[in-house]
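A short worksheet on the structure shown next.
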Amino acid sequence: MIRALVFDFDGLIVDTETPIVDAWVRVHERAGIAYSRDHALSIVGHADVAFDPWIAFGPGADRAALEEEHRRLRHELLHTQPVLPGVLDLIASARERGLRLGIASNSPHVWVDRHLERMGLTSYFDAVRCRDDVSRGKPEPEIYRAALAALGCAAENAVAFEDSLPGSEAASRAGIFCVVVPNPSTRHHTFPHASLRLESLAEVTLDRLVEHLRLRATTANPET
């Protein structure tokens, strides 16, 4: 039943989201300015939303300097982040069974491709589709549809892995069974579109996923 696995990237393969938020917090703290972490967490997983992380600095702030400071801090924090638990084992199991592997990310290629290469993961994926490949990002389903087309797989034969509300909505709207694994920046989200919620990809086995898909198919078609 399963022919392909499609992964989100940020917060799912590696936690890039928490370092970005932490860097915003640190820039504010260094300047002695209060900052609401919740303000930043509200945009995690979204694309194409208006967001000014420096609004507390006022209209006269040197935003270019703030962005550069944030970039340096983010870079330091990101490069300490490991591949998240269970990711490599799941990839290895999928490759052993001949499954296709893809990425569907709300980030641009310049971000995703660079990190995949840095972590030595590029060769594992048959298709990588990013925000710049489609006209609308998540929660719209276009990225997942593009990934499925590139993988040559129907939605009912794929499993998506996500960590955010917009991502899980996008996968669900594309008709894909969606496993949600929240990270520290998305644990506050509710996931009404998720097919299954876990604390870690280390809890996932392909046999377990097959059983979940079989159950969903039986529920949808009780006479089969």
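Tabulated data for the structure shown
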| quantity | calculated |
| --- | --- |
| First in region 137-154 and crowded, with 19+ Cβ neighbours inside 10 Å, second anywhere and among the polar types (S, T, N, Q), Cβ under 6 Å, 6 or more apart | Gly137/Asn106; Lys138/Asn106 |
| Leu165 vs. criteria aliphatic (A, V, I, L, M), free of Cβ contacts under 8 Å to residues at least 60 places away in the same chain and more than 18 Å from Gly102 (Cβ to Cβ) | no |
| Wholly within region 1-97, helices (runs of 4 or more DSSP H) carrying at least 2 residues that are at pLDDT 90 or above | 17-31, 63-78, 87-96 |
| Residue within region 59-76 that is among the small types (Gly, Ala, Ser), outside the structural domain of Leu165 (by TED's automatic domain parsing) and surrounded by 13 or more Cβ atoms within 10 Å (Cβ to Cβ) present | yes |
| Flag for Val83 being surrounded by 13 or more Cβ atoms within 10 Å (Cβ to Cβ) and touching a His at 6+ places or on another chain (Cβ under 8 Å) | no |
| Selection within region 181-199 - charged (D, E, K, R) and in contact with a strand residue (DSSP E or B) (Cβ under 8 Å, 6 or more places away or on another chain) | Arg197 |
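The values are calculated or read from the model by the stated rules, or taken from the named source; none is laboratory data. This one's a predicted model, so the numbers in the text were calculated from it and none came from an experiment. Neighbour counts are summed over all protein chains in view; Cβ atoms, including those assigned to glycine, are modelled from backbone coordinates with ideal geometry.
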